[in-house]
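First up is the structure itself, then whatever we jot down about it.
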Amino acid sequence: MFSDLLTFFQTLSTQTESLLPDSFQGTAIPVDTVSNFLTGLDDSVKILGAAISLVLALLGCFFGFKFSKMFMSLTGFLVGCVLGYLAAVKLIHTEGTLTFLCIAVGGILFAMLAYWIYRAGIFILCFALAFMAAASLLPFTGDIQFFLSTLTGFIIGSLALKYIRPVIIVTSAIVCGSSAAGLLVKVSELLGIYTFSHISMAGLTVIVCVLGMAVQFLTTSDPARKPKKRKHQA
């Protein structure tokens, strides 16, 4: 989402290496140009971007399970881009156009994998969400953090393969709901309507996430439990 994207690009250049094992240090993607571009945008453009992102965040929060294939493809593409970049820099030792080609190929391959192989897409989506959540919450750095974050990702991804619907609903409602709450606060501040305190911000986030979970659980059904049609005997 736009506000999260802005913060992400502003901090990625200094925090990316903490998400990687020690052997991958020095491979952080340079994003200063993108960060400066986003920071220098006019308020009107920021408001428009935040509004569009807010709509997408609300769709993910309230209809995440129904749009799960789209989210899987997007997550697969992003994961593939990162892996393609790391492969180009650390394994092939390329620069320039060839590095960009590796990033594009990795993103496209993983997006196709996540879209066409449903269970692979579920695992990739939930692994990525769990990995990033663990990496941001764990007090460790370097190899220990990377190992624990990867282990957490594998556990949540494996659980998602067995409990597809509840895991996707909960993760999409929390991730997109928190983004939607942050975007509501951002739009409100940009328009000068209202300034939220930390307590009201936390309350808004909880309300949006809980509502998102409730709506998804009430409006969807488990595909594995659909009643099978019985053949009529002649």
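The values are calculated or read from the model by the stated rules, or taken from the named source; none is laboratory data. Just so it is clear, the model here is predicted, and its values are computed rather than measured. With ideal geometry, Cβ positions are generated from the backbone for all residues, glycine too; neighbour counts draw on all protein chains shown. For accessibility, only protein heavy atoms count, side chains too; no ligands or nucleic acids. Shrake-Rupley method; radii C 1.70, N 1.55, O 1.52, S 1.80 Å.
Working note: Karplus 6.51/-1.76/1.60 with θ = phi - 60° gives segment 186-192 the couplings 4, 4, 4, 5, 5, 7, x Hz, where Gly and Pro are set to x. Computed from the C-beta positions of Thr195 and Ile47 and an R0 of 25 Å, the FRET efficiency is 0.95 to the nearest 0.05. Across segment 122-135, rounded Karplus estimates of 3J(HN,Hα) from the backbone phi angles (6.51 cos²θ - 1.76 cosθ + 1.60, θ = phi - 60°) give 4, 5, 4, 4, 6, 4, 5, 4, 5, 4, 5, 5, 5, 5 Hz, Gly and Pro being marked x. Per-residue packing, averaged as other Cβ atoms within 10 Å, sorts the ranges 175-187, 151-163 into the order 175-187, 151-163, beginning with the highest. The residues of segment 129-223 expose, per residue, 54 Å² of accessible area to a 1.4 Å probe.
Converting phi to 3J(HN,Hα) with the Karplus coefficients 6.51, -1.76 and 1.60 and the offset θ = phi - 60°, segment 97-102 yields 4, 5, 5, 4, 5, 4 Hz in sequence order, with x at every glycine or proline.
Subtracting the Cα-Cα distance of Leu211 and Leu159 from 0.36 nm times their residue separation leaves 16.4 nm of extension gain. Largest first, the residues Asp222, Asp143 sort by 1.4 Å accessible area into Asp143, Asp222.
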